[in-house]
Amino acid sequence: RLTNMMIIRRVASLRQPLLRGVQVRCQGSAALNNEAPSKSTQPKPIHHMQSATIASTPRCDASAMALKRDSGDYYFEEHSGALVSAFNVYDDMQESEKRVTAIARDMNLIEAALAVQDESYDKILILMRHGEAKHNVFERQYAQKHGSSFEQANEDENYPVDPMLTGKGCGTMLNVSNRTATFFNKETGLLPDLFVVSPLRRAIQSALISFPHDAPLTSLSGTPWVCHPACMEQANGNKSEFVSSPELLEETFPGINYELFNQSLMRGDVYNSNEKVPLFESKIDLMNRTDAFLEWIKERDERVVVVSSHATWLQSLCAFSLQYEDSDSKNLEMFKKGEMRSVGIKFS
(Lines give C-alpha, C1' and ligand atoms only; values in the text may rest on other atoms or scores of the structure.)
Protein backbone atom coordinates (compact mmCIF):
# COMPACT_ATOMS: atom_id res chain seq x y z
CA ARG A 1 0.00 0.00 0.00
CA LEU A 2 1.42 3.36 -1.02
CA THR A 3 1.88 5.96 1.68
CA ASN A 4 1.26 9.65 1.04
CA MET A 5 5.00 10.34 0.93
CA MET A 6 5.57 7.55 -1.60
CA ILE A 7 2.83 8.98 -3.78
CA ILE A 8 4.28 12.49 -3.58
CA ARG A 9 7.74 11.26 -4.51
CA ARG A 10 6.32 9.36 -7.45
CA VAL A 11 4.44 12.48 -8.55
CA ALA A 12 7.62 14.51 -8.31
CA SER A 13 9.48 12.03 -10.51
CA LEU A 14 6.75 11.85 -13.09
CA ARG A 15 5.89 15.55 -12.90
CA GLN A 16 2.23 14.71 -13.11
CA PRO A 17 -0.67 15.78 -10.89
CA LEU A 18 -1.48 13.44 -8.02
CA LEU A 19 -5.24 13.66 -8.26
CA ARG A 20 -7.64 15.89 -10.06
CA GLY A 21 -8.44 18.82 -7.83
CA VAL A 22 -5.61 18.65 -5.31
CA GLN A 23 -4.08 21.97 -6.30
CA VAL A 24 -3.61 24.23 -3.32
CA ARG A 25 -5.91 26.92 -4.60
CA CYS A 26 -8.94 25.05 -3.42
CA GLN A 27 -12.10 27.10 -3.36
CA GLY A 28 -14.11 25.41 -0.68
CA SER A 29 -16.96 23.31 -1.93
CA ALA A 30 -16.00 24.02 -5.55
CA ALA A 31 -13.14 21.53 -5.87
CA LEU A 32 -10.74 22.57 -8.58
CA ASN A 33 -11.10 19.39 -10.53
CA ASN A 34 -10.43 21.13 -13.81
CA GLU A 35 -7.41 23.16 -12.72
CA ALA A 36 -4.40 22.73 -14.96
CA PRO A 37 -1.50 20.88 -13.39
CA SER A 38 1.67 22.70 -12.42
CA LYS A 39 4.33 22.80 -15.11
CA SER A 40 6.77 21.23 -12.68
CA THR A 41 6.07 19.54 -9.40
CA GLN A 42 9.61 19.96 -8.07
CA PRO A 43 9.80 23.43 -6.44
CA LYS A 44 12.33 25.76 -8.00
CA PRO A 45 14.96 27.31 -5.73
CA ILE A 46 14.64 31.02 -5.13
CA HIS A 47 17.53 32.84 -6.77
CA HIS A 48 19.52 35.36 -4.79
CA MET A 49 18.56 38.90 -5.67
CA GLN A 50 20.69 41.82 -4.51
CA SER A 51 18.89 44.76 -2.91
CA ALA A 52 15.53 43.51 -4.07
CA THR A 53 13.43 46.18 -2.40
CA ILE A 54 9.81 47.05 -2.92
CA ALA A 55 10.96 50.35 -4.36
CA SER A 56 12.44 48.49 -7.34
CA THR A 57 9.06 46.98 -8.17
CA PRO A 58 7.35 48.64 -11.17
CA ARG A 59 4.41 50.89 -10.43
CA CYS A 60 1.20 48.94 -10.33
CA ASP A 61 -1.82 49.40 -12.51
CA ALA A 62 -5.16 48.39 -11.05
CA SER A 63 -6.27 47.23 -14.51
CA ALA A 64 -3.60 44.52 -14.35
CA MET A 65 -5.32 42.82 -11.44
CA ALA A 66 -7.27 39.78 -12.55
CA LEU A 67 -10.92 40.23 -11.71
CA LYS A 68 -11.30 36.70 -10.38
CA ARG A 69 -13.34 36.91 -7.21
CA ASP A 70 -16.52 35.84 -5.53
CA SER A 71 -19.64 37.58 -6.80
CA GLY A 72 -20.21 38.97 -3.32
CA ASP A 73 -16.89 40.81 -3.29
CA TYR A 74 -18.48 44.01 -4.56
CA TYR A 75 -15.74 46.11 -3.00
CA PHE A 76 -12.93 44.57 -5.09
CA GLU A 77 -12.40 47.34 -7.63
CA GLU A 78 -12.72 50.19 -5.11
CA HIS A 79 -10.41 48.63 -2.54
CA SER A 80 -7.90 47.37 -5.11
CA GLY A 81 -7.73 50.78 -6.75
CA ALA A 82 -7.10 52.46 -3.40
CA LEU A 83 -4.49 49.84 -2.52
CA VAL A 84 -2.64 50.38 -5.80
CA SER A 85 -2.72 54.15 -5.35
CA ALA A 86 -1.37 53.78 -1.83
CA PHE A 87 1.36 51.40 -2.98
CA ASN A 88 2.56 53.81 -5.62
CA VAL A 89 3.44 56.39 -2.95
CA TYR A 90 4.18 54.03 -0.06
CA ASP A 91 7.95 53.95 -0.48
CA ASP A 92 8.04 57.72 -0.64
CA MET A 93 6.67 57.68 2.91
CA GLN A 94 8.95 54.94 4.23
CA GLU A 95 12.67 54.37 4.56
CA SER A 96 13.08 51.43 2.19
CA GLU A 97 16.28 50.18 3.78
CA LYS A 98 14.37 49.47 7.00
CA ARG A 99 11.77 47.30 5.33
CA VAL A 100 11.90 43.53 5.23
CA THR A 101 12.37 42.12 1.74
CA ALA A 102 10.91 38.71 0.97
CA ILE A 103 11.21 37.02 -2.43
CA ALA A 104 8.22 34.73 -2.99
CA ARG A 105 7.21 31.79 -5.17
CA ASP A 106 3.78 30.20 -5.59
CA MET A 107 3.51 26.49 -4.84
CA ASN A 108 0.88 23.81 -4.79
CA LEU A 109 0.70 21.52 -1.77
CA ILE A 110 2.85 18.82 -3.38
CA GLU A 111 5.57 21.38 -4.04
CA ALA A 112 5.18 22.74 -0.51
CA ALA A 113 5.74 19.27 0.94
CA LEU A 114 8.91 18.89 -1.12
CA ALA A 115 10.06 22.41 -0.25
CA VAL A 116 10.21 21.50 3.43
CA GLN A 117 13.52 19.77 2.61
CA ASP A 118 14.74 22.70 0.49
CA GLU A 119 16.96 25.08 2.47
CA SER A 120 16.60 27.82 -0.13
CA TYR A 121 13.25 28.71 1.43
CA ASP A 122 13.27 30.50 4.79
CA LYS A 123 9.53 30.12 5.32
CA ILE A 124 6.65 28.24 3.77
CA LEU A 125 3.45 30.21 4.22
CA ILE A 126 0.05 28.53 4.01
CA LEU A 127 -2.31 31.43 3.40
CA MET A 128 -6.06 31.08 3.69
CA ARG A 129 -9.14 33.27 3.57
CA HIS A 130 -12.09 32.54 5.82
CA GLY A 131 -15.29 30.96 4.53
CA GLU A 132 -18.62 32.68 4.04
CA ALA A 133 -19.72 34.49 7.20
CA LYS A 134 -23.10 35.74 8.38
CA HIS A 135 -22.51 39.33 7.32
CA ASN A 136 -22.05 38.17 3.71
CA VAL A 137 -25.54 36.67 3.76
CA PHE A 138 -27.04 39.67 5.56
CA GLU A 139 -25.66 42.09 2.97
CA ARG A 140 -26.90 39.96 0.09
CA GLN A 141 -30.40 39.58 1.52
CA TYR A 142 -30.58 43.23 2.53
CA ALA A 143 -29.71 44.34 -1.00
CA GLN A 144 -32.31 41.99 -2.49
CA LYS A 145 -34.99 43.27 -0.14
CA HIS A 146 -34.21 46.97 -0.12
CA GLY A 147 -32.15 47.43 -3.26
CA SER A 148 -29.69 49.41 -1.20
CA SER A 149 -25.95 49.62 -0.77
CA PHE A 150 -23.57 48.00 1.67
CA GLU A 151 -23.31 51.25 3.63
CA GLN A 152 -27.05 51.19 4.34
CA ALA A 153 -26.94 47.52 5.33
CA ASN A 154 -24.04 48.27 7.67
CA GLU A 155 -26.16 50.87 9.47
CA ASP A 156 -28.96 48.40 10.18
CA GLU A 157 -29.19 47.49 13.87
CA ASN A 158 -29.34 43.79 12.97
CA TYR A 159 -26.11 43.84 10.98
CA PRO A 160 -23.83 41.05 12.34
CA VAL A 161 -20.91 42.26 14.45
CA ASP A 162 -17.74 40.13 14.31
CA PRO A 163 -19.80 37.37 12.67
CA MET A 164 -19.17 33.65 12.72
CA LEU A 165 -19.32 31.41 9.64
CA THR A 166 -22.56 30.35 8.01
CA GLY A 167 -23.39 26.67 7.49
CA LYS A 168 -22.11 27.04 3.95
CA GLY A 169 -18.92 28.63 5.23
CA CYS A 170 -18.38 25.77 7.66
CA GLY A 171 -18.91 23.29 4.83
CA THR A 172 -16.36 25.11 2.71
CA MET A 173 -13.74 24.83 5.41
CA LEU A 174 -14.59 21.17 6.03
CA ASN A 175 -13.73 20.54 2.38
CA VAL A 176 -10.42 22.30 2.99
CA SER A 177 -9.84 20.02 5.99
CA ASN A 178 -9.99 16.99 3.68
CA ARG A 179 -6.98 18.36 1.82
CA THR A 180 -5.07 19.33 4.94
CA ALA A 181 -5.55 15.79 6.29
CA THR A 182 -4.02 14.41 3.09
CA PHE A 183 -1.04 16.71 2.82
CA PHE A 184 -0.22 17.90 6.34
CA ASN A 185 1.08 14.85 8.19
CA LYS A 186 4.26 13.02 9.18
CA GLU A 187 4.33 10.99 5.98
CA THR A 188 4.58 14.05 3.74
CA GLY A 189 6.74 15.98 6.18
CA LEU A 190 4.58 19.07 5.68
CA LEU A 191 3.70 19.86 9.29
CA PRO A 192 2.64 23.33 10.48
CA ASP A 193 5.03 24.84 13.01
CA LEU A 194 2.80 27.82 13.80
CA PHE A 195 -0.78 28.98 13.26
CA VAL A 196 -1.46 32.72 13.05
CA VAL A 197 -5.03 33.98 13.01
CA SER A 198 -6.74 37.33 12.72
CA PRO A 199 -8.64 38.47 15.85
CA LEU A 200 -11.91 38.27 13.91
CA ARG A 201 -13.92 35.18 14.77
CA ARG A 202 -14.61 34.01 11.22
CA ALA A 203 -10.86 33.73 10.54
CA ILE A 204 -10.20 31.83 13.77
CA GLN A 205 -13.14 29.50 13.18
CA SER A 206 -12.02 28.80 9.59
CA ALA A 207 -8.52 27.81 10.68
CA LEU A 208 -9.79 25.54 13.44
CA ILE A 209 -12.15 23.72 11.08
CA SER A 210 -9.48 23.39 8.39
CA PHE A 211 -6.87 21.92 10.75
CA PRO A 212 -8.85 19.92 13.34
CA HIS A 213 -5.94 17.62 14.18
CA ASP A 214 -3.81 20.63 15.17
CA ALA A 215 -6.43 22.40 17.30
CA PRO A 216 -5.07 23.86 20.54
CA LEU A 217 -5.74 21.94 23.78
CA THR A 218 -6.65 18.75 21.88
CA SER A 219 -3.66 18.29 19.58
CA LEU A 220 -0.80 16.05 20.66
CA SER A 221 1.62 18.09 18.56
CA GLY A 222 1.30 21.18 20.74
CA THR A 223 1.68 23.48 17.72
CA PRO A 224 1.29 27.10 18.90
CA TRP A 225 -1.65 29.24 17.84
CA VAL A 226 -1.24 33.02 17.94
CA CYS A 227 -3.89 35.69 17.48
CA HIS A 228 -2.11 38.56 15.71
CA PRO A 229 -3.76 42.00 15.45
CA ALA A 230 -1.67 42.85 12.37
CA CYS A 231 -3.53 40.17 10.38
CA MET A 232 -6.65 42.27 9.87
CA GLU A 233 -7.55 45.62 8.35
CA GLN A 234 -8.85 48.43 10.54
CA ALA A 235 -12.63 48.48 10.87
CA ASN A 236 -13.13 51.88 9.26
CA GLY A 237 -16.75 51.88 10.39
CA ASN A 238 -17.57 48.38 9.14
CA LYS A 239 -19.33 46.39 11.86
CA SER A 240 -18.17 43.06 10.45
CA GLU A 241 -14.61 44.20 11.27
CA PHE A 242 -15.41 45.05 14.90
CA VAL A 243 -13.41 42.71 17.11
CA SER A 244 -14.70 40.82 20.13
CA SER A 245 -13.03 41.20 23.50
CA PRO A 246 -10.06 38.95 24.34
CA GLU A 247 -12.18 37.45 27.12
CA LEU A 248 -14.93 36.44 24.69
CA LEU A 249 -12.40 35.08 22.21
CA GLU A 250 -10.70 33.04 24.93
CA GLU A 251 -14.07 31.66 26.00
CA THR A 252 -15.08 30.79 22.43
CA PHE A 253 -11.68 29.62 21.18
CA PRO A 254 -9.59 28.49 24.18
CA GLY A 255 -5.95 27.59 23.87
CA ILE A 256 -4.97 30.36 21.45
CA ASN A 257 -2.37 32.89 22.55
CA TYR A 258 -4.03 36.32 22.68
CA GLU A 259 -1.07 38.15 24.23
CA LEU A 260 -0.29 40.25 21.13
CA PHE A 261 -3.96 41.23 20.85
CA ASN A 262 -4.04 42.21 24.51
CA GLN A 263 -0.88 44.26 24.12
CA SER A 264 -2.44 46.04 21.16
CA LEU A 265 -5.45 46.97 23.27
CA MET A 266 -3.22 48.18 26.10
CA ARG A 267 -1.33 50.43 23.68
CA GLY A 268 -4.62 52.05 22.83
CA ASP A 269 -4.80 50.85 19.25
CA VAL A 270 -8.19 51.82 17.84
CA TYR A 271 -10.73 49.07 17.29
CA ASN A 272 -14.49 49.08 16.66
CA SER A 273 -14.57 52.71 15.64
CA ASN A 274 -17.54 54.02 13.67
CA GLU A 275 -15.34 56.80 12.36
CA LYS A 276 -14.45 56.41 8.72
CA VAL A 277 -11.09 57.46 7.35
CA PRO A 278 -10.30 57.99 3.66
CA LEU A 279 -9.84 54.67 1.89
CA PHE A 280 -6.38 55.70 0.72
CA GLU A 281 -5.25 56.26 4.32
CA SER A 282 -6.70 52.93 5.43
CA LYS A 283 -4.70 51.14 2.72
CA ILE A 284 -1.46 52.83 3.82
CA ASP A 285 -2.22 51.46 7.29
CA LEU A 286 -2.98 48.05 5.78
CA MET A 287 0.39 47.87 4.03
CA ASN A 288 2.10 48.86 7.27
CA ARG A 289 0.34 45.89 8.87
CA THR A 290 1.40 43.34 6.26
CA ASP A 291 4.98 44.66 6.39
CA ALA A 292 4.91 44.40 10.19
CA PHE A 293 3.70 40.82 9.90
CA LEU A 294 6.65 39.92 7.65
CA GLU A 295 9.05 41.45 10.16
CA TRP A 296 7.42 39.42 12.92
CA ILE A 297 7.61 36.03 11.22
CA LYS A 298 11.17 36.69 10.07
CA GLU A 299 12.25 36.85 13.70
CA ARG A 300 10.48 33.63 14.64
CA ASP A 301 12.02 30.18 14.40
CA GLU A 302 8.94 28.41 12.97
CA ARG A 303 9.25 27.62 9.26
CA VAL A 304 5.86 26.30 8.08
CA VAL A 305 3.36 28.96 9.06
CA VAL A 306 -0.41 28.81 8.49
CA VAL A 307 -2.10 32.22 8.30
CA SER A 308 -5.88 32.68 8.39
CA SER A 309 -6.99 36.18 7.44
CA HIS A 310 -9.13 38.25 5.08
CA ALA A 311 -9.29 39.12 1.39
CA THR A 312 -7.88 42.66 1.42
CA TRP A 313 -5.16 41.80 3.97
CA LEU A 314 -4.05 38.78 1.93
CA GLN A 315 -4.10 40.87 -1.22
CA SER A 316 -1.85 43.48 0.40
CA LEU A 317 0.55 40.79 1.64
CA CYS A 318 0.79 38.96 -1.68
CA ALA A 319 0.57 41.85 -4.13
CA PHE A 320 2.77 44.37 -2.34
CA SER A 321 4.66 43.16 0.75
CA LEU A 322 5.94 40.00 -0.95
CA GLN A 323 7.89 40.10 -4.20
CA TYR A 324 7.12 37.27 -6.60
CA GLU A 325 9.76 36.07 -9.05
CA ASP A 326 7.26 34.44 -11.39
CA SER A 327 5.43 36.80 -13.73
CA ASP A 328 2.53 34.34 -13.95
CA SER A 329 1.99 34.08 -10.19
CA LYS A 330 -1.44 34.55 -8.64
CA ASN A 331 -0.35 37.30 -6.26
CA LEU A 332 -2.56 39.98 -7.85
CA GLU A 333 -5.72 37.90 -7.60
CA MET A 334 -8.01 38.37 -4.64
CA PHE A 335 -8.48 35.25 -2.52
CA LYS A 336 -11.88 33.65 -2.78
CA LYS A 337 -13.77 32.62 0.32
CA GLY A 338 -12.23 29.46 1.71
CA GLU A 339 -9.27 29.59 -0.68
CA MET A 340 -5.85 28.37 0.39
CA ARG A 341 -2.50 29.08 -1.25
CA SER A 342 1.03 28.10 -0.32
CA VAL A 343 4.03 30.37 -0.84
CA GLY A 344 7.75 29.77 -0.35
CA ILE A 345 9.67 32.88 0.68
CA LYS A 346 13.31 33.87 1.07
CA PHE A 347 14.31 36.90 3.14
CA SER A 348 17.16 39.05 1.90
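The values are calculated or read from the model by the stated rules, or taken from the named source; none is laboratory data. No experiment lies behind these values; they were computed from the predicted model shown. Heads up, the Cβs are rebuilt from the backbone with ideal geometry, glycines too, and the neighbour counts pull from every protein chain shown. Heads up: the accessible areas ignore ligands, DNA and RNA and are worked out on the full protein's heavy atoms, side chains in. Shrake-Rupley method; radii C 1.70, N 1.55, O 1.52, S 1.80 Å.
Residues whose amide H lies under 5 Å from that of Asn236, counting only those 5 or more places away or on a different chain, are Ser273; hydrogens are built 1.01 Å from N in the peptide plane. Straight-line cross-link partners of Lys298 among the lysines, defined as a Cα under 26 Å from its Cα and at least 8 positions apart when in the same chain: Lys44, Lys98, Lys123, Lys186, Lys283, Lys330, Lys346. Coupling constants for the range 188-200 follow from the phi torsions by the Karplus curve (6.51 cos²θ - 1.76 cosθ + 1.60, θ = phi - 60°), and in residue order they are 7, x, 8, 10, x, 9, 7, 10, 10, 10, 5, x, 6 Hz; glycine and proline get x. A simple spin-label model places pseudo-atoms 7 Å from Cα toward Cβ; at Glu247 and Arg267 they are separated by 2.4 nm. Once you reduce the range 113-137 and the range 241-297 to the center of their Cα atoms, the two points are 20 Å from each other. Ranked by the mean number of other Cβ atoms within 10 Å of their residues, highest first, the peptides 155-161, 144-150, 239-245 fall in the order 239-245, 155-161, 144-150. Taking all protein chains together, Leu220, Leu114, Leu248 sort by accessible area into Leu220, Leu248, Leu114, largest first [probe 1.4 Å].
Each Lys and Arg adds +1 at its Cβ and each Asp and Glu adds -1 at its Cβ; summed about the Cα centre, the range 155-200 shows a dipole of about 440 debye.
Coupling constants for the range 258-269 follow from the phi torsions by the Karplus curve (6.51 cos²θ - 1.76 cosθ + 1.60, θ = phi - 60°), and in residue order they are 9, 4, 5, 5, 4, 4, 4, 5, 5, 6, x, 4 Hz; glycine and proline get x. Only the Cβ atoms of Lys and Arg (+1) and of Asp and Glu (-1) were treated as charged; on that basis the dipole of the range 218-272 about its Cα centre amounts to roughly 80 debye. Between the amide H of Ser244 and those of Arg201, distances stay under 5 Å, these residues lying 5 or more places away or on another chain, with hydrogens modeled in the peptide plane.
Put simply, when 264-273, 102-111 are sorted by average Cβ atoms within 10 angstrom per residue, most first, you get 102-111, 264-273.
Positive-end ranking of Ser210, Met340, Asn238 along the dipole of the range 210-348, with charges on Cβ about the Cα centre, is headed by Met340.
Each Lys and Arg Cβ is given +1 and each Asp and Glu Cβ -1; about its Cα centre, the range 255-307 then shows a dipole of about 120 debye.
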